[in-house]
Amino acid sequence: MTSAKQLRFWLIGLGLFVLALWLLADMLLPFVVGLAIAYLLDPLVDRLERARLPRWLGTTLVLLGFLLVLVLMSLLLVPLVQGQISHLLEVLPTYATLVKERLIPALDRFIHRLPADDVERLRAAAGNYAGEVAGIVGRLVSRILSGGLALFDIVTLMFITPIVAFYLMRDWDVMVGKVDSWLPRQHADTVREQAREVNVTLSGFVRGQAMVCLVLGVFYALALSAAGLDFGLVIGLMAGILSFIPYVGSLFGFVASTGLALLQFDELWRVAVVVGIFLFGQAVEGNVLTPKLVGDKVGLHAVWVMFALLAGGSLFGFVGVLLAVPVAAVIGVLTRFALRQYLSSPYYRGTDAER
C-alpha cells in the first residue's frame, strides 16, 4: 500500500471519528468523565499491582478511595457554600442600593466631563459590543449546559461514570496492548513514540494544573475569608477551579472580590488587602506553582489551551470542554512531529539535501 493510500485511509477514519463524536456528543458525558478518571487514577492501580495486589482489587480500592474523597469534600463544602448563597440572597438588595448610590453618581460625573459627541459614540459602541459579547457568551453557556448538564445527564453521570471508570482501569493495560496490536507495522515505532509524548504532555499538564487549581482554590478561599470578605469562600473556590483555564480564574477572582470589597468595606486598606491576596497568588502561581507542578516542557501554551477550551465548548458542548485539553495535547505533539519532519526534509533544506 502506498503512502498516499495510507494517508487517505487514516484521514477518512479520523473524519468518521469526529462525525461520530459530533453525533453522539449528548450521550458521551459519563463515558468521557469515566475515561478521564481512569486515566488519572491508573498510575495508582499500577503501583498496587506492582505490590502484588490483584488488578481488580487495586482498581476497587483506588476507585472507592476516590469516591470517598469526593463525598467527604461534598459534605464539607456544600453546607458552607449553601450558607454563603443564602447570605447573598439576603444582602443582594443592600449591595444593589450601594451600587446605585456609589457607582452611578461616579459614572455620571465622568460622563458629564466628556464632550457630547464622545458620549454618544461611547454609548453606541458600548451597546453594540455589550450585545455581541452577551450573545456570544449566552450561546456558549447555553450550548455547554444543554449539551452536558441536563438532569438526565447528571443522573447518568452519577451512576454510569463509576462503572465505566472501574472497567477501564481494570482493563487498561489489556486495552493498550490491543490497540498497540492494531498499529500499522511499518509505522508502529513512530506511533508509539508520539503516543508516549502525548501521554507525557497530557499527564504533566492535567495532573500539574489540577494541583495548581487545588492549591490556589484553598489559598484564595482561606485568605479571602480571613480578610473578612463576604462570600470569600465561594469566590476563592471558583477562582481556583477556573484557574484550569489560564488567567481566567485569577481575573474572575480579582474582579469579583475587588468589586465586592469596594461595596462592603469603607476602609481602603481592607480593599488593598483583598487586592494584595490576588497579586500574591498570581506571583506564587507564576513563579512557584506552575514551574514546579506543571513545568515548561509539557508543550501546551496558555493561549492554545484557552482556544481549545472555547472551541471544544462551542462545537461539542460540555463534552467538548472535557476533551479539549487531550485533543490540544495530541494536536500539539503531532504538529511538533510534522515540523521536525519538515525541517529535516528536502522541502526545507533545498535540493542539495537530496544529493
Show me the helices (runs of 4 or more DSSP H) found entirely inside segment 166-254 where at least 1 residues are within 15 Å of the chain's Cα centre (by Cα). 188-226, 232-242
Which residue is nearest to Ala210 (Cα to Cα), if the candidates are limited to segment 1-35 and must be open to solvent by 40 Å² or more (accessible area, probe 1.4 Å) and not in a helix (DSSP H, G or I)? Leu24
Can you pull out the residues in segment 332-344 that are touching a residue at least 12 places away in the same chain (Cβ under 8 Å) and open to solvent by less than 80 Å² (accessible area, probe 1.4 Å)? Gly332, Val333, Arg336, Phe337
Filter segment 274-327 down to residues that are assigned to a helix (DSSP H, G or I) and open to solvent by 60 Å² or more (accessible area, probe 1.4 Å), then give me how many there are. 16
With respect to Leu263, is the statement that it is open to solvent by less than 70 Å² (accessible area, probe 1.4 Å) and farther than 30 Å from Val32 by Cβ true? yes
Does any residue of segment 224-237 turn out to be of a type outside the set (S, T, N, Q), open to solvent by 40 Å² or more (accessible area, probe 1.4 Å) and more than 30 Å from Val275 (Cβ to Cβ)? no
I'd like to verify a number: residues in segment 54-93 that are surrounded by 13 or more Cβ atoms within 10 Å (Cβ to Cβ), without any contact (Cβ under 8 Å) to a residue 12 or more places away in the chain and of a type in the set (Val, Ile, Thr), how many? 0
Only one of Ala38, Ala96, Ala51 that is surrounded by 11 or more Cβ atoms within 10 Å (Cβ to Cβ), modelled with pLDDT of 85 or more and of a type in the set (A, V, I, L, M, F, W, C): Ala38
Unmet criterion (only one of (1) free of Cβ contacts under 8 Å to residues at least 60 places away in the same chain; (2) more than 30 Å from Thr97 (Cα to Cα)) for Ala272: (2)
Is segment 194-204 home to any residue that is open to solvent by 40 Å² or more (accessible area, probe 1.4 Å) and in contact with a Ser or Thr (Cβ under 6 Å, 6 or more places away or on another chain)? no
Looking at segment 221-242, can you tell me whether even one residue there is of a type in the set (Asp, Glu), touching a residue at least 40 places away in the same chain (Cβ under 8 Å) and closer than 30 Å to Ile331 by Cα? no
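The values are calculated or read from the model by the stated rules, or taken from the named source; none is laboratory data. Everything quoted here is computed from the prediction, not taken from an experiment. Ideal geometry is used to build each Cβ from the backbone, glycine not excepted, and the neighbour counts take in all protein chains shown. For the accessible areas, the whole protein counts, side chains as well, though only heavy atoms, and no ligand, DNA or RNA atoms are used. Shrake-Rupley method; radii C 1.70, N 1.55, O 1.52, S 1.80 Å.
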